[in-house]
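A.B. asks: Sharing a structure, written as structure tokens. Questions coming.
FYI, it's all coordinate maths here, none of it is from the lab. Note that the structure is predicted; figures quoted are calculated from it, not measured. So basically every Cβ, Gly included, is an ideal-geometry build from the backbone, and we count neighbours across all protein chains shown.
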Number of protein chains: 4
Amino acid sequence: MTDMLRVKVKLGDNNYGKADVQLFKVFRDTPRHEVRDVRVRVAMTGDFREAHADGDNAGLLATDTVRNTIYALAKEGFASSVEEFGKELLAHFVQTGPRVTGGFAEFTEHLWARLPGEGDAGHDHGFVRQMPKHTVRVETTDGQTFAVTSGIDELSVLKTTQSGWAGYLLDERFTTLPESHDRIMATVVTAKWEYAAASCDYDAVWQRAYDQIQRTFTDHYSPSLQNTLYRLGEAVLSTCPEISRVWFQMPNRHHLRYNLERFGLENDNEIFHVDPEPYGLMEAWVERA
Amino acid sequence: MTDMLRVKVKLGDNNYGKADVQLFKVFRDTPRHEVRDVRVRVAMTGDFREAHADGDNAGLLATDTVRNTIYALAKEGFASSVEEFGKELLAHFVQTGPRVTGGFAEFTEHLWARLPGEGDAGHDHGFVRQMPKHTVRVETTDGQTFAVTSGIDELSVLKTTQSGWAGYLLDERFTTLPESHDRIMATVVTAKWEYAAASCDYDAVWQRAYDQIQRTFTDHYSPSLQNTLYRLGEAVLSTCPEISRVWFQMPNRHHLRYNLERFGLENDNEIFHVDPEPYGLMEAWVERA
Amino acid sequence: MTDMLRVKVKLGDNNYGKADVQLFKVFRDTPRHEVRDVRVRVAMTGDFREAHADGDNAGLLATDTVRNTIYALAKEGFASSVEEFGKELLAHFVQTGPRVTGGFAEFTEHLWARLPGEGDAGHDHGFVRQMPKHTVRVETTDGQTFAVTSGIDELSVLKTTQSGWAGYLLDERFTTLPESHDRIMATVVTAKWEYAAASCDYDAVWQRAYDQIQRTFTDHYSPSLQNTLYRLGEAVLSTCPEISRVWFQMPNRHHLRYNLERFGLENDNEIFHVDPEPYGLMEAWVERA
Amino acid sequence: MTDMLRVKVKLGDNNYGKADVQLFKVFRDTPRHEVRDVRVRVAMTGDFREAHADGDNAGLLATDTVRNTIYALAKEGFASSVEEFGKELLAHFVQTGPRVTGGFAEFTEHLWARLPGEGDAGHDHGFVRQMPKHTVRVETTDGQTFAVTSGIDELSVLKTTQSGWAGYLLDERFTTLPESHDRIMATVVTAKWEYAAASCDYDAVWQRAYDQIQRTFTDHYSPSLQNTLYRLGEAVLSTCPEISRVWFQMPNRHHLRYNLERFGLENDNEIFHVDPEPYGLMEAWVERA
């Protein structure tokens, strides 16, 4: 620090670890393989004051060691869900890092469907990548109890009718938008949820929540993205007793009816301009009452 | 141009138009809707010398007009494939632009599957976005005959076995890679193809080529990405007589067996590091002999 | 919600608004123009239960109105910093939205330098885009008092020497990394800070913090990214009394010495492979003691 | 290839190699370091029929060997410009690959400026990343003569006045855009150029072209992006006799005057919406007459 009077400072909340570890695990049953494809971030919290303030690394595990550990524990463990693997990783680092008291692990799982095979069950060892993604966050402050959040990323859905926007508050100066009773509703759902119990069949719950979100999106006339969001939450909580509360972020991917009347053409909700920016953005938790 | 001696220059090959037009068309049959979701670029070629050299815009259509035209013609035409819509657009601009003699239209079509509905046929008006994408390029020099290219983008596939890399040329100084007889092969297929005839059922051909690429990827032991590429081409040409030749770009998305033996663990092709960069990259045309 | 028993649910924390509003303001002094180029998100919090649960929009301002308001208030206000503009926006929405009790505004400002002009002061109305970016978040729960955070995004820096990594904790099984006493240190700094007072000259503080970060990055031998992070924090707090605490996120953009000895070549820290993934990732607050 | 009648096919144009090799070279003069930071793609052409058609790899160098070679030759050569390094790489592969007859090398160079140091000359070994980027493509069909193209990527510029759009062609049906005599002109310049001679001081020419593009962008009233493009070309060719012709791609990054009159506010070219899509897109070569 050149040419300045130093003031007294201290370290606040901090963490460190390895991010964007690209781990791929094959489960080689004969003849049918399964795959797990995850991007992993592991961050440790604890007493790292000396490393920061004094440049003394004696209490720090190298992030390269964190990486090695992720791959090694993926071999020794990671037998079921990504969520359970997250707990295994954090328990390990709290146990083996003398200064580590907690941390978090974040995962983005790319999902792969089977390529076509000889029967209806798909190919044994050939796969094709799917949208959306499965997300997981596991956090601990003691290495023994874990807060788990699971979710969905990049689920892009739309419906071409059964949606409108009317009866809203008018700002006397700045409201110019006309009402609509038949519009396209399009969004990219990001969801995450917390669990009621310390453990459950995470993959089964994810599949159930994912199916329910897809079904509920179309089962009603939508007066607003907010109301559809709430209905998605209600459906997830109703079908997944394992989930205690669920959060959604839903951008309104505006599909604007293009003004063709200027050209002597009628546009009966056929031709739209997809406007990527700006977008309405809604976020909410839906909880058990 | 400040402070310099001007040399004599002239305009070379040039084009202009509108890019990234986000067009969405709904076909509202009752009760079942269909959708087309395309990003469009239209570029015109012709005699635009005066605009460039003299700043005289009299011969230039505004690109805003190009945009309006794309939406209007999408209403009046665009009854079947994206490829035919490309021809309609280019024919229009050559016909109405006094200085326009040709041009090209490029499309990236986002594909939407139906959300689950009551039966097996999917929902009537609810959709979920899919990978991969459908690409199209149409080009003309006269507004009447058209060179059409169609393709596939972002088809991400892998197989967990039945692939190796051996028997290759050794550079005495720089070759360090060991042979492999059982590896993961992963790639993101980009394909494009040209047609033998002036027109055909483009959507049907696309679906057939797409299915064949997915099936052929797994139907052989692959000694190299080059050989698999060639087999994909052979399969497409064998099942699609409408296609005259086909090109592939296939990166080798390396899945590297992680060295766990250092930690006293066996890694029997179970645990891999996905290395995003660098990657082997193969490009080739496969043609009728 | 088809085919299920509804459980009782309620709305939890929620907000909505407009995101990715791309606002550009020109200050047209004669002859010298200034520009502000910001991406804006405004989110409102309050009592929006009826809209979510009952589909009654009477309490909701359209996000389109939010957009109009942002542009209109940018004309009427936005006379000084982005931070003050954030306060103006939030104060407005709390005042005019009957159900709005608070909210937050987030900005990413693209910075433009002047193109070369006749003298040293740069061009009067010509600009060229710069890295890094200026970020701002303003939050309120009453529309009258505001928590302001400012920061820096995408400041990509490196030093080719005066950095090492040694003396770290060895995991007996999983540590394989050798020590280094002369390596490249490269990172992309993300910083954000909070303020000690309700208001200050935000632009001047940003410039001072930005300058100090750039200077401090090179003024010491770095035993770890953590120590450099801490020194950056100490420098910012020492030169900016307006700032109460500062947070950094710093990935370790690994530059790996390429093993050329295999080829009979010495590599005296000359030839490196830049490994984009995975990366070490450090986050910490530095606070006044 | 399952269940189909094979047709006869043959291999067409093809190439393979390594892409996205992230090479970083430090020139360690004492005390002042220089750096080169390039993303490299090398593709080889030649007789690779047997590998594709027969699965016989005997004529193929592994792309991993290509990577090793790039790093090794960066140590042994790469003494001056990226362009000369491209020639060295291609000459090597044609010379050592028995089936290789030509190929191309593509580079994207990230540019780093010096961080502030003690004097005005900047820091000796501390650097900060800059926009834009330097691009290079070198191609050969014999390993001895080379076609070199250099260019600029992501040069984002704008001017807040001295630009308009008027006098353009009216389409009687589809033109709705009003004329403008004072607008913002913003673009992201992509340029590339060819050389008159087999070799020259590539870095000096790049700097001269880059400076000239920045200066010329503001030195005239612009009636169209096409005219400004042409003037940039004229300026480059006038100041760089080494360059034989130059190509530009320039999107029109529309800054749309926001309609504030609806709200009783005047908008004297102060408040703009930046519309990222769609955009006008212009491409042209400017050549010596």
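A.B. asks: Please report, to two decimal places, log10 I(q)/I(0) for the range C:139-226 at q = 0.11, 0.20, 0.21, 0.22 Å⁻¹ as given by the Debye formula with identical point scatterers on the Cα atoms and no solvent.
C.D. replies: For the requested q values the scattering log ratios are -0.51, -0.98, -1.03, -1.09.
A.B. asks: Can you give the translational diffusion coefficient of chain D in µm²/s, computed by Stokes-Einstein from the Kirkwood radius over Cα pairs at 4 °C and 1.567 mPa s?
C.D. replies: Details: Rh = 22.5 Å.
Rounded to a whole number, D works out at 58 µm²/s.
A.B. asks: Quick one: Cα centre-to-centre distance for the range C:56-121 and the range D:167-208, in angstrom?
C.D. replies: 32 Å
A.B. asks: Under a point spin-label approximation (7 Å from Cα along Cα-to-Cβ), what is the B:A197-D:E266 distance to one decimal in nm?
C.D. replies: Inter-label distance under the simple model: 6.6 nm.
A.B. asks: Using DSSP, restrict attention to beta bridges with both residues in the range B:133-289 and report what percent are antiparallel, rounded to the nearest 5. Spell out each step's value before the answer.
C.D. replies: On the way: 34 of 35 bridges.
The antiparallel fraction comes to roughly 95 percent.
A.B. asks: Every other copy gets compared here: list the nm distances from the C:P276 label point (7 Å along Cα to Cβ) to its counterparts, shortest first, one decimal.
C.D. replies: Here the equivalent label points are 0.5, 1.8, 1.8 nm apart from this one.
A.B. asks: Now a separate question. Put +1 on the Cβ of every Lys and Arg and -1 on every Asp and Glu Cβ in chain C; which of C:T65, C:Y195, C:N252 then has its Cα farthest towards the positive end of the dipole?
C.D. replies: Checked the options; the winner is C:T65.
A.B. asks: Between copies, how close do the C:A58 label points come, placed 7 Å along Cα→Cβ, listed in nm from shortest?
C.D. replies: List, nearest first: 6.3, 7.0, 8.6 nm.
A.B. asks: For labels at A:A166 and A:T141 in the simple 7 Å Cα→Cβ model, what's the distance in nm?
C.D. replies: In this crude label model, A:A166 to A:T141 measures out at 5.0 nm.
A.B. asks: Explain nothing, just the number: dipole magnitude of the protein assembly as shown about its Cα centre with +1 on each Lys and Arg Cβ and -1 on each Asp and Glu Cβ, in debye rounded to the nearest 20. Intermediate values should be presented prior to the final figure.
C.D. replies: Working: 124 positive and 172 negative charges, 1 e Å.
For the protein assembly as shown, the charge dipole is close to 0 debye.
A.B. asks: Relative to a virtual label point 7 Å from the Cα of C:Y221 in the Cα→beta-carbon direction, which members of the range A:1-35 show backbone nitrogen distances below 17 Å?
C.D. replies: Output list for this probe position: A:1.
A.B. asks: Further, regarding this structure: On a 0 to 90 degree scale, rounded to 10, what angle separates helix B:225-239 from the longest Cα axis of chain B?
C.D. replies: Helix B:225-239 and the main axis of chain B meet at about 60 degrees.
A.B. asks: While we're looking at this one, here's another question. Would you give the gap between the C-alpha center of the range A:126-166 and the C-alpha center of the range D:144-166, rounded to a whole Å?
C.D. replies: A separation of 41 Å, based on Cα centres.
A.B. asks: Other chains near B:178-184: what is the mean number of their Cβ atoms within 10 Å of each residue's Cβ?
C.D. replies: Values: counts 1, 2, 0, 0, 0, 0, 4.
What the average comes to for B:178-184 is 1.
A.B. asks: Which stretch or stretches of the range A:264-289 have amide N atoms under 18 Å from the point lying 7 Å from C:D47's Cα along the Cα→Cβ direction?
C.D. replies: Inside the label zone: nothing.
A.B. asks: How big is the range C:84-125 along each principal axis, measuring the range of its Cα positions in Å and listing the largest first?
C.D. replies: Reported extents, whole Å, longest axis first: 54, 15, 12.
A.B. asks: Angle between the Cα long axis of helix B:63-76 and the longest principal axis of chain B, 0 to 90 degrees, nearest 10?
C.D. replies: Approximately 80 degrees, to the nearest 10.
A.B. asks: Roughly how far apart, in whole Å, are the Cα centres of the range A:1-44 and the range C:274-289?
C.D. replies: Cα centroid to Cα centroid, the span is 10 Å.
A.B. asks: Could you tell me how many degrees, from 0 to 90 and to the nearest 10, lie between the Cα long axis of helix A:202-216 and the main elongation axis, the longest principal axis, of the Cα atoms of chain A?
C.D. replies: That works out to roughly 10 degrees.
A.B. asks: Scan the range B:151-219 for GluC sites (Glu not before Pro) in coil per DSSP, keeping those whose Cβ has at most 15 other Cβ atoms within 10 Å, and list them by number.
C.D. replies: Details: sites: B:E154, B:E172, B:E179, B:E194; in loops: B:E172, B:E179.
Qualifying residues, ordered by number: B:E172, B:E179.
A.B. asks: What value, in deg cm²/dmol to 500, does the helix sum -39500 (n - 2.57) over DSSP H runs of n ≥ 4 give at 222 nm once divided by the residues of chain D? Write down the numbers at each step before the final one.
C.D. replies: Numbers: 5 runs with 65 residues, N = 289.
Mean residue ellipticity at 222 nm (helix-derived): -7000 deg cm²/dmol.
A.B. asks: Pick from D:P132, D:P223, D:P116: which residue has the top mean-square fluctuation in a GNM of chain D where Cα pairs under 10 Å get a spring?
C.D. replies: In this elastic network of chain D, the residue with the biggest mean-square fluctuation among D:P132, D:P223, D:P116 is D:P116.
A.B. asks: Pop a pseudo-label 7 angstrom from the Cα along the beta-carbon direction at both C:A113 and C:D275 and give the gap in nm to one decimal.
C.D. replies: 3.3 nm
A.B. asks: Need one word for the protein assembly as shown: rounded, prolate or oblate. Basis is the Cα gyration tensor (sqrt eigenvalues a ≥ b ≥ c); a/c below 1.5 gives rounded, then a/b vs b/c decides. Intermediate values should be presented prior to the final figure.
C.D. replies: Working: a/c = 1.07, a/b = 1.01, b/c = 1.06.
Cα axes put the protein assembly as shown in the rounded bin.
A.B. asks: Can I ask one more? Counting only other chains, and only Cβ atoms inside 10 Å, what mean value do you get across the residues of A:118-130?
C.D. replies: Details: counts 1, 0, 0, 0, 0, 6, 5, 8, 12, 8, 9, 9, 3.
Partner Cβ neighbours, averaged per residue: 5.
A.B. asks: Please report the projected area of the range C:1-57's Cα convex hull averaged over all directions, in nm².
C.D. replies: On the way: hull surface 26.2 nm².
Mean orientational projected area (the range C:1-57, Cα hull): 6.6 nm².
A.B. asks: Would you kindly derive the ³J(HN,Hα) couplings of the range D:42-57 from the backbone phi angles with the Karplus curve 6.51 cos²θ - 1.76 cosθ + 1.60 (θ = phi - 60°), listing them in order in whole Hz, with x for Gly and Pro?
C.D. replies: 10, 10, 10, 10, x, 9, 10, 4, 5, 5, 6, 7, 10, x, 9, 8
A.B. asks: Using the Cα centre as the reference, give the magnitude of the dipole from point charges on the C-beta atoms of the range D:152-289 (Lys, Arg: +1; Asp, Glu: -1; all else neutral), rounded to the nearest 20 debye. Numbers along the way, then the final one.
C.D. replies: Working: 12 positive and 21 negative charges, 28 e Å.
Approximately 140 debye in magnitude.
A.B. asks: From other protein chains only, count the Cβ atoms within 10 Å of every residue's Cβ in A:102-110, then give the mean. Walk me through the numbers before you get to the answer.
C.D. replies: On the way: counts 0, 0, 0, 0, 0, 0, 0, 0, 2.
Mean inter-chain Cβ contacts per residue within 10 Å come to 0.
A.B. asks: Which listed residue (D:A43, D:P98, D:L5) has the Cα farthest towards the positive end of the charge dipole for the range D:1-137, taking +1 on Lys and Arg C-beta and -1 on Asp and Glu C-beta about the Cα centre?
C.D. replies: The Cα lying farthest towards the positive end belongs to D:L5.
A.B. asks: For the range B:1-140, what is the largest minus smallest coordinate of the Cα atoms on each principal axis, given in angstrom and ordered from greatest to least?
C.D. replies: Result for the range B:1-140: principal-axis Cα extents of 74, 31, 21 Å.
A.B. asks: Tell me, which longest segment in chain A has none of the trypsin sites (Lys or Arg not before Pro) that fall in DSSP loops with at most 12 further Cβ atoms within 10 Å? Each step should come with its number before you reach the end.
C.D. replies: Working: sites that count: A:R6, A:K8.
It works out to A:9-289.
A.B. asks: Wrap a convex hull around the Cα atoms of the range C:155-287, take a quarter of its surface area, and give that in square nanometres. Present the calculation step by step, with values, prior to reporting the outcome.
C.D. replies: Numbers: hull surface 38.0 nm².
For the range C:155-287, averaging the hull's shadow over all directions gives 9.5 nm².
A.B. asks: Between copies, how far does the label point of D:P31 sit from its twins, in nm, shortest first, when each point is 7 Å from Cα along Cα→Cβ?
C.D. replies: Ordered by distance, the counterparts are at 4.3, 6.9, 8.0 nm.
A.B. asks: To the nearest 20 debye, what is the magnitude of the charge dipole of chain A about its Cα centre, counting +1 on the Cβ of each Lys and Arg and -1 on the Cβ of each Asp and Glu? Spell out each step's value before the answer.
C.D. replies: Details: 31 positive and 43 negative charges, 98 e Å.
Using Cβ point charges on Lys, Arg, Asp and Glu, chain A gives about 480 debye.
A.B. asks: I'd like the Karplus ³J(HN,Hα) series for the range D:162-177: coefficients 6.51, -1.76, 1.60, θ = phi - 60°, whole numbers in Hz, and an x wherever there's a Gly or Pro.
C.D. replies: For the range D:162-177, the Karplus-derived couplings read 6, 8, x, 8, 8, x, 8, 5, 9, 8, 5, 9, 10, 8, 10, 6 Hz, x marking Gly and Pro.
A.B. asks: Considering only chain C, pick the residue with its Cβ nearest the axis of the rotation onto chain B, and state the distance in whole Å.
C.D. replies: C:P276, 3
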